[in-house]
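Visitor: Sending over a structure as structure tokens; questions will come in a sec.
The values are calculated or read from the model by the stated rules, or taken from the named source; none is laboratory data. Everything numeric here is computed off the predicted structure, so don't read it as measured data. Backbone-built Cβ (ideal geometry, glycine too); neighbour counts: all protein chains shown.
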Ligand code: NOJ
């Protein structure tokens, strides 16, 4: 029986490679996570989303899986993993794993079999096609990989091309084959039997491709997404997995929803559909970027419009609240002036965490980690950054533009090692870190934040404590004020006559705030704020730079 426990949860996302290294090889690992379980508990989070830890040749840091039932050597063993989940459960923390089944690694046994001959029983686990053009030397269609270049790779052995919407080492699984879908069911059930509490489903919306794999009409704004996003059998296939696996356990699923707009929400996650429980939309990432990646000036009103539209999805649906994950640069440089790092980080936490939905904190966000200020091309280790840079070098005038875009948006920024202390390598490893450590670790680190009662870390603890089990935040209505303002984000959550009025100044200047008419003359008190002298009772006031207040009003 499903209890929908995730509606009361606060999640913490761990990117294991960069979290904590226990054995000095420079790579984060499971024993490292185990050593930080008390820290996680102390944060007040109640669930962890763990990015992939399965066996993988690491072309895309674990998002290319070669064995779904075992742990990556660099991260440890299945026994370590069992100790980790036991430790989490003992502390009341659920574990949600990453389910990466749009594609496998090309080193997965299925693909090795599949590429070995045209009549191998695994051939149809993937998309194989003959080349096009007179001499058959061109890719079968014009689809492009999300990581750059054609989405097809030629394979000498059988003289055909295979489809890969991501890297060449991530061949797409053919979900039209019922055997593939059964494999997915078996993988899910395997982990559920081991105690896993759910899955974050990687690029799940890509699983059903257009029949006949037709050429895409070139549209620079979608890059052909309409040929893969929510394809013709998407709903049918997801419902099937739900019925054969997910619905049989008290678990949750949250899908990665690149390209999903609010108009799709109901069809994706409404409870009666029995598909996914929730989805990550990336619409709000558009507020300071086009197509989520090309930087543009941040506009608060644009951001609010999107957030509000998602807050108003039907009650049968559920939201996911996040600003950061392993695919985006850090939120502080995106929204906050650097001199207000702490106030700004707390303001973002208030704005997001009083909304309806399940919040996700990405590792390091709780101490206000920032981007690397001056990445040199050689410091980028992510496959996407490297590919984009390689392409730019071929079209030389693009180099400065790409450098600028990477400096703002590269995925590398989120993946720098977690900053635990001011010791060498931020206390992440005693060895040579697998990737660049942000030099600001001397000032921004967990040890420093622990010692400072006013730190971003301690503020997150306060909010998490306030939020978990709070019925107004979980079930209250949402009502926005001053929607057009590019300075303040103001909304109220209300349940049974009690409201939380959230007023957040998103600028580095003092802003005048007028209490909305309907709250005037009521009893109120301050329940959350990031300044020590915020106004105790709801009323007109000046909000200091990035000040955020929440008043309870009856
Ligand atoms: C989405 C993941 O979040 C990202 O890190 C990965 O590169 C792609 N899916 C491909 O699996």
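Visitor: Residue check: is residue 124 in a loop (DSSP other than H, G, I, E, B) and away from the ligand (no atom under 16 Å from the Cβ)?
Guide: Numbers: in a loop (DSSP other than H, G, I, E, B): no; away from the ligand (no atom under 16 Å from the Cβ): yes.
Criteria not met by residue 124.
Visitor: Please go through the stretch 248-276 and give me each residue that is closer than 19 Å to residue 181 by Cβ and buried (at least 16 other Cβ atoms within 10 Å of the Cβ), ordered by number.
Guide: Initially, the stretch 248-276 is screened for residues closer than 19 Å to residue 181 by Cβ, giving 248-249, 251, 253, 255-256, 268, 273-276.
249, 251, 253, 255, 256, 268, 273, 275, 276 - these are the residues of the stretch 248-276 that are closer than 19 Å to residue 181 by Cβ and buried (at least 16 other Cβ atoms within 10 Å of the Cβ).
Visitor: Just one of (1) without any contact (Cβ under 8 Å) to a residue 40 or more places away in the chain; (2) within 16 Å of the ligand (Cβ to nearest atom); (3) closer than 21 Å to residue 177 by Cβ trips up residue 203, so point out which.
Guide: With (1) without any contact (Cβ under 8 Å) to a residue 40 or more places away in the chain; (2) within 16 Å of the ligand (Cβ to nearest atom); (3) closer than 21 Å to residue 177 by Cβ applied to residue 203, the lone miss is (1).
Visitor: Can I ask one more? Quick check, is residue 113 closer than 27 Å to residue 61 by Cα, more than 15 Å from the ligand (Cβ to nearest atom) and not assigned by TED's automatic domain parsing to the domain that holds residue 35?
Guide: Yes; evaluated as a whole, the condition is true for this residue.
Visitor: Given (1) within 16 Å of the ligand (Cβ to nearest atom); (2) farther than 18 Å from residue 106 by Cα, where does residue 168 come up short, assuming only one miss?
Guide: (2)
Visitor: Test of understanding: among 21, 29, 67, which residue is surrounded by fewer than 23 Cβ atoms within 10 Å (Cβ to Cβ) and in the same structural domain as residue 242 (by TED's automatic domain parsing)?
Guide: 67
Visitor: Oh, and also: Can you name every one of the strands (runs of 3 or more DSSP E) wholly within the stretch 1-95 that holds 3 or more residues which are within 21 Å of the chain's Cα centre (by Cα)?
Guide: In the stretch 1-95, the matching strands (runs of 3 or more DSSP E) lie at 11-14, 47-50.
Visitor: Scanning for something surrounded by fewer than 19 Cβ atoms within 10 Å (Cβ to Cβ) and modelled with pLDDT under 95, does the stretch 200-210 turn up at least one residue?
Guide: Yes, the stretch 200-210 contains a residue that is surrounded by fewer than 19 Cβ atoms within 10 Å (Cβ to Cβ) and modelled with pLDDT under 95.
Visitor: Name every residue in the stretch 131-156 that is farther than 16 Å from residue 218 by Cβ, away from the ligand (no atom under 16 Å from the Cβ) and in a loop (DSSP other than H, G, I, E, B), in order of residue number.
Guide: 131, 133, 134, 135, 136, 137, 140, 156
Visitor: Same structure, new question: Consider residue 285 against the criteria (1) part of a helix (DSSP H, G or I); (2) more than 16 Å from the ligand (Cβ to nearest atom): it satisfies all of them except one. Which criterion is unmet?
Guide: (2)
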